[in-house]
Amino acid sequence: MLSIEADKNIIALNTLGFNAIAEQFTRIASEDDLLKALQYAQLHQLDYQVLSGGSNVLVDEHIPGLTLHMQVMGRAVLKECDQQVLIRIGAGENWHELVQWSVVNNWQGIETMALIPGLVGASPVQNIGAYGTELKDVLVQVRAWDCLAKEFVELDNSECQFAYRDSVFKRSKGRFIITSVDLKLHKRLAIEFKYQALKDYMHKQSLANITLKDVFQAVCEIRSDKLPDPVKVANAGSFFKNPIISHSQFQQLQGDFPKIVGHPSACSGVKVAAGWLIDHCGWKGYLASGVGVYPKQALVLIHTGESSIGQLMQLADDIKQSVFDKFKVQLEIEPQRFPSVN
């Protein structure tokens, strides 16, 4: 039996902690629930939108139509051999708890993505990543309801069209509703570090034989030190993408700002640290009218209460403008509007 709630306040379901009223709301615990909810929306001529963990969204104050909260659970081993394991994870599973589970089983591939907030179903949308690893590196297949074809489909890695914090799911807003993902993880470990922060941590710990648990612990400590826990400080994680600029533009900026932080990008060009740009425009620690910039990481915007999504977006616009004025680099907001704005 599908349970529908009217005028549901989803303040607890978005990590920025803004009051938001969903006109109609239902929890989706299975693919059968999903089909029933879509039939209900069609019968009552309602628009609908899918809410995952609420950790990477900018929620409007009023959400018309039917909000589907994805809570499809489940973890299963599909195939296993001496070298690899193939697992299927429900869209409603907590991402960080999945990472913990993989580390306990000594399966390598996602340990550097510890403490990324949100649910598994949202992970392919953003192609989440951290410390040199992205979801695309381990994802085999996504199962989703195709709202155009009106059927469940399986999209392999190439069909997901992954890019930096991007995918076909993000570009084709509203078409796919993800119910599970399949990941391939490794059982024969070859631990290497692509980011200096992890190398420095391991050097300080003087660890001779580094394990996945060591890597997981390192990431947790590093992230906890510079990123706020959404339970304690309302935020949506990294608010801006690290912009990718040409090598020539980066060289020009280096001439004026020798300490600018950038890394070669896999899709050519240089990925510049957006947090560094924002910090050097003087925004770190800024706070006014209940919204601000986290004192330990300028990439994170925070909400301290008694404010609105409009005030946060105005702050974001002001930051973007100041970065462009100083560096001629255009920042792009990472969290998505909810409901989506086409």
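Here are the numbers:
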item	result
Residue check, D166 among the acidic types (D, E) and over 30 Å from P339 (Cβ atoms)	no
Qualifying positions in segment 305-321 - more than 30 Å from F25 (Cβ to Cβ) and surrounded by 17 or more Cβ atoms within 10 Å (Cβ to Cβ)	I319, K320
Number of the exception - L277 against (1) under 22 Å from the mean Cα position of the chain (by Cα); (2) more than 19 Å from Q330 (Cα to Cα); (3) not aromatic (F, W, Y)	(2)
Members of segment 200-256 found to be charged (D, E, K, R) and touching a His at 6+ places or on another chain (Cβ under 9 Å), listed by number	none
Scope segment 269-307; condition acidic (D, E) and modelled with pLDDT of 95 or more; matching residues	D279
Number of the condition not met by K213 [criteria: (1) within 22 Å of the chain's Cα centre (by Cα); (2) in contact (Cβ under 8 Å) with a residue 60 or more places away in the chain]	(1)
Selection within segment 147-191 - free of Cβ contacts under 8 Å to residues at least 40 places away in the same chain, in a strand (DSSP E or B) and either in contact with a Phe, Trp or Tyr (Cβ under 6 Å, 6 or more places away or on another chain) or among the basic types (K, R) (or both)	F176
Out of P243, P230, sole residue that is surrounded by 19 or more Cβ atoms within 10 Å (Cβ to Cβ) and over 24 Å from D137 (Cα atoms)	P230
Failed item in (1) more than 15 Å from the chain's Cα centre (by Cα); (2) modelled with pLDDT of 95 or more, with K136 passing the rest	(1)
Verdict on K213 being at pLDDT below 95, surrounded by fewer than 15 Cβ atoms within 10 Å (Cβ to Cβ) and either touching a Leu at 6+ places or on another chain (Cβ under 8 Å) or under 30 Å from T15 (Cβ atoms) (or both)	yes
Test result for T133, polar (S, T, N, Q) and crowded, with 21+ Cβ neighbours inside 10 Å	no
Residue count, segment 139-194 (criterion: under 30 Å from A218 (Cα atoms), over 17 Å from the mean Cα position of the chain (by Cα) and of a type in the set (G, A, S))	1
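The values are calculated or read from the model by the stated rules, or taken from the named source; none is laboratory data. Everything numeric in this text was worked out from a predicted model, so none of it was measured. Cβ atoms come from the backbone with ideal geometry, glycine included; neighbour counts cover every protein chain shown.
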